[in-house]
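Every number here is computed from the coordinates shown, using simple stated rules; none is lab data. Just so you know, these numbers come straight off a predicted model, no measurement behind them. Cβ placement follows ideal geometry from the backbone for every residue including glycine, while neighbour counts extend to all protein chains displayed.
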Amino acid sequence: MQAASRLRKERMLQEVMELASKHRTIAVANLKKVRASQLSELRKKFRGELTIKVVKNRIAAMGLKRLKKPNLDELAERLKDQVALIFTDLDPFELSIRLERSKIDLPAKAGDIATDDVVIPAGNTGIPPGPVLSDFKLLGIPTKIDMGNIMVTKDTTVVRKGEVISQKLASLLTRLGIKPIKAGLSIKLAYSDGMLFTEEELKVDLAEYEEKVSRAHRDAISLAVQAGYPAPEVLPMVVAKAHREAMSLACSCGYTSPETIVQVLRAAEAKARSLYRVLSEQG
């Protein structure tokens, strides 16, 4: 039995080394609240793109250290708790985003840590009044009775991200059909092309990032137009700006041409009418 166990460990060690040598990115994912069925679904969903291995930390660390890659020792030293190793050629940021999108919502249990702020929305709960009213009151949720049911009168945040969910709150959320726990693989640490990335560094707010890129694009276009930079994207705007400025200058100087004659005459007429009105008022 000991020989079989030793052989199995050696096989797992070699597998870790082979996968780590073959792929550019190695990610460490937290297995807390991740079910075996979810891992199976993720393996099917990302077949051909990544390999997920659940290996004892000691064996994984030994295999990673043997490869002698820059900074890989640090990743091996930080293998703690129950984790899975992900081997892939995907960029670690893309991997983090795709794993985040693959998470599922689960009902809360007492002692769970809120993965986001939990809000009970205003509206009819469909729950008839009874002892449960005291739970709403205890949790600071404003209510009234409407059409024979308990109605929440305004959106109420009952727990903040990172806080512990109590037994009473977990029970109430279940009755309301609210599933506040996002479950799936969360990357704790990633290694790619010799660099280490932490969980916080891998979190990307796509909406915010898109807005920053859009703003940078608008600023670049504005600068290029102001500088008269003749790039294909801005040349029509540069020409239009130059035309407007030329027309404005010609009109202010009274320079007449087929393009400006109408505006020059209108400006002259306006000035004449203004002068006439002033002289009339002075008698």
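The three principal axes of the Cα atoms in the stretch 86-204 give end-to-end lengths of 62, 22, 19 Å, sorted in falling order.
Checking every one of the GluC sites (Glu not before Pro) in the stretch 1-58 against DSSP loop status and a limit of 16 other Cβ atoms within 10 Å picks out Glu49.
How much of the calculated P(r) for the stretch 84-149 lies past 19 Å, in percent of all Cα pairs? It would help to have the intermediate numbers written out before the result.
Numbers: 1240 of 2145 pairs.
Roughly 58 percent, rounded to a whole number.
Calculated FRET efficiency, Val262 to Leu139, Cβ-Cβ distance, R0 = 51 Å: about 0.10 to the nearest 0.05. Ellipticity at 222 nm from helices only: DSSP H runs of n ≥ 4 in the chain, each -39500 (n - 2.57), divided by the residue count, give -15500 deg cm²/dmol. Ranked by how many other Cβ atoms sit within 10 Å of their own Cβ, fewest first, the residues Ile120, Ile127 fall in the order Ile127, Ile120.
Just give me a number: lysine pairs in the stretch 164-228, eight or more positions apart or cross-chain, with C-alpha atoms less than 22 Å apart. Write down the numbers at each step before the final one.
On the way: Lys168/Lys179; Lys168/Lys182; Lys182/Lys203; Lys188/Lys203; Lys203/Lys212.
Eligible lysine pairs with Cα atoms under 22 Å apart amount to 5.
Of all aspartates and glutamates in the structure, those lying under 14 Å Cα to Cα from Lys103, and not within fewer than 8 positions of it along the same chain, are Glu41, Asp116. Taking the chain as a Gaussian network of alpha-carbon nodes connected by springs under 10 Å, the highest mean-square fluctuation of the residues Tyr255, Tyr191, Tyr229 belongs to Tyr255.
Full extension of the chain between Arg160 and Ala242 gives 24.0 nm of extra length, using 0.36 nm per residue less the Cα-Cα distance. Please list, or write none, the aspartates and glutamates whose alpha carbon is within less than 16 Å of the alpha carbon of Lys144, excluding same-chain residues fewer than 8 places away. Counting by Cα, and skipping residues close in sequence, Lys144 has these aspartates and glutamates nearby: Asp135, Asp155. Pairs of Cα atoms in the chain fall into 10 Å distance bins, from 0 up to the last occupied one, in shares of 5, 17, 16, 14, 13, 11, 9, 8, 4, 1, 0, 0, 0 percent.
Nearest 0.05, what FRET efficiency do Tyr209 and Ala36 give at R0 = 30 Å with Cβ-Cβ as r?
Values: r = 34 Å, r/R0 = 1.13.
Working from the Cβ atoms, E equals 0.30.
Among Asp81, Asp146, sorting on how many other beta-carbon atoms sit within 10 Å of each Cβ, with the fewest leading, yields Asp81, Asp146.
Computed extension length for Glu10-Asp117: 34.1 nm, one decimal, from 0.36 nm per residue of separation with the Cα-Cα distance subtracted. When Asp155, Asp73 are sorted by how many other C-beta atoms sit within 10 angstrom of their C-beta, beginning with the fewest, the order is Asp155, Asp73.
Between Ser134, Ser257, Ser37, the GNM of the chain built on Cα springs shorter than 10 angstrom shows Ser257 fluctuating the most.
Could you please tell me the mean projected area of the C-alpha convex hull for the stretch 118-182, averaged over all directions and given in square nanometres to one decimal? Present the calculation step by step, with values, prior to reporting the outcome.
Values: hull surface 16.4 nm².
Spelled out: convex hull of the Cα atoms, projected over all directions, averaged, 4.1 nm².
Normalised Debye scattering of the stretch 209-281 at q = 0.21, 0.26, 0.27 Å⁻¹ gives log10 I(q)/I(0) of -0.89, -1.05, -1.07, counting only Cα atoms as equal scatterers and leaving out solvent.
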